[in-house]
1. Please tell me the relative contact order of the chain in percent, rounded to the nearest whole number, where contacts are Cα pairs under 8 Å and at least six residues apart.
2. Taking the solvent-accessible surface of protein heavy atoms with a 1.4 Å probe, what is the per residue accessible area of the chain in Å²?
3. Using the structure shown, list the pairs from Lys48/Lys304; Lys37/Lys85; Lys74/Lys224; Lys140/Lys304; Lys61/Lys193 with a Cα-Cα distance above 30 Å, or answer none.
4. Indicate the helices, whole DSSP H runs only, in the chain that combine a mean Kyte-Doolittle hydropathy of -1.0 or more with a Cα extent along their long axis of 15 angstrom or more.
5. Say R0 is 45 Å: what FRET efficiency, to the nearest 0.05, do Val59 and Glu96 get from their beta-carbon distance?
6. Taking the alpha-carbon centroid of each part, what is the distance from region 182-215 to region 267-299 in angstrom?
7. At a threshold of 8 angstrom on Cα-Cα distance, excluding pairs fewer than six apart, so keeping six or more, what relative contact order does region 47-121 reach in percent?
8. Taking amide hydrogens as modeled 1.01 Å from N in the peptide plane, which residues meet the under 5 Å criterion relative to Thr182, leaving out close sequence neighbours?
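The values are calculated or read from the model by the stated rules, or taken from the named source; none is laboratory data. Note that the structure is a prediction, hence the values are computed from the model and not measured. Methodologically, a virtual Cβ is constructed for each residue, glycine included, from the backbone with ideal geometry; neighbour enumeration extends over all protein chains shown. For accessibility, only protein heavy atoms count, side chains too; no ligands or nucleic acids. Shrake-Rupley method; radii C 1.70, N 1.55, O 1.52, S 1.80 Å.
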Amino acid sequence: MKSPLEECAKDEPFHIVTPLLESWALSQVAGMPVFLKYENVQPTGSFKIRGIGHLCQEVAKKGCRHLVCSSGGKAGIAAAYAARKLGIPATIVLPEGTSVNVVKRLQGEGAEVQLIGKNWDEANLRAQEEGHISLVRELKAALGAPPGALVLAVGGGGLLAGVSAGLAEVGWQHVPIIAMETQGTHCFNAAVKAGRLVTLPSITSLAKCLGARTVAARALECTKEFRILSEVVEDAEAVSAVQRFLDDERTLVEPACGAALAAIYSGLLGRLQAEGHLCPSPASVVVIVCGGNSIDSRELQALKAQLGQD
C-alpha cells in the first residue's frame, strides 16, 4: 500500500517556480535589461525535473513499478528524485566518465547506477518536454510583456522544443530563441545548416551535458515554426562565461550553461542586433540558467587549466 505522501506525489508537480531576477552585471554587458531564469535552484539542480518529473508521474499513474532512465546526468538525477518521491525503485544508466559527484547524488537518491557507453546518445536519453512548457508560463506571469529574446543551451533538443511549445501556448511565438551550443556538441547547428538531422561523429566539447550526437527531430521542426537563431561558441568562451558568471552572480554553473551565458559575455547579442536578427532596443532578454550539477570549484579550475585560462 502506498503512503499518503507517495499518493500525493502523483499529483503535485515536482518542480518549483524558480526565481526570475534581473542581473545588473549582465545588463551592463549587454546594454539592455537581462533577466536570469534560475533553473539551477530546482530540487534536482536543473530544469530537467520539469519534463522528467511530469513523465515519471504519468507512468506511475499507469502502474509503473520501476523507473529506468539513460542520461547524461541531469535527467538521471531528475528521474531518481521523482522515483524516490513516488516510492518506486530507479535504475539510472550513465555514460562512462560521468562526474563522481553526479554518481554520488544518484546513489543518495536511492538509485541503482550503471555506467555504460561514452556519450549521451549511447546512453539513449528519451525525455519528454511537456513539463518544460511550465517554464514559459512562469515567465509570462512574471514579466507580463514578452522579452526581446530568450537564450537557452541546446543538447538533445528537449528544452528547445518545450520552450517553443510554451511560447506558442502563451502567444509569444514571435519571440526569438537564441539556441546556443559549443563547438563539438553542435548537432543542432549542423542540422539547421544541412536542413536535415545530422549525426556528429563524436563529442569533442568539454560541455558534456550538451553531448547529443543527433538532435531530436522535433527541435529541427521548430525552426520552421519559430524564430530560432542557432549559434555556436568555443569551449573557451563557455568556460570563460562560467567564471565571469561566478564572479558576477556568485553562482557556479556547468559549461553547458556557460554556452548560453556566452551569448551575453562574448558580445554575440550585440552582433545579432547589428545584423538585424534582433530588435535594436529590446525591452529585455531572458537567459535560462539551466543547471550546475556536474561541476565544483576544482572542476572549474581544471577546465580553465586545460584551456590555458588563468
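1. Numbers: 657 pairs, mean separation 61.5, N = 310.
Here the relative contact order equals 20 percent.
2. Values: 12990 Å² over 310 residues.
Solvent-accessible surface per residue comes out at 42 Å².
3. On the way: Lys48/Lys304 27 Å; Lys37/Lys85 25 Å; Lys74/Lys224 28 Å; Lys140/Lys304 37 Å; Lys61/Lys193 41 Å.
Where the Cα-Cα span goes over 30 Å, the pairs concerned are Lys140/Lys304; Lys61/Lys193.
4. Numbers: long enough: 48-61 (20 Å, -0.14); 74-86 (18 Å, 0.39); 133-143 (16 Å, 1.00); 158-169 (16 Å, 1.29); 235-249 (21 Å, -0.39).
Helices passing the filter in the chain: 48-61, 74-86, 133-143, 158-169, 235-249.
5. On the way: r = 27 Å, r/R0 = 0.60.
Here the calculated transfer efficiency is 0.95.
6. 19
7. Values: 124 pairs, mean separation 22.2, N = 75.
It rounds to 30 percent for region 47-121.
8. Under 5 Å from the amide H of Thr182: Val233.
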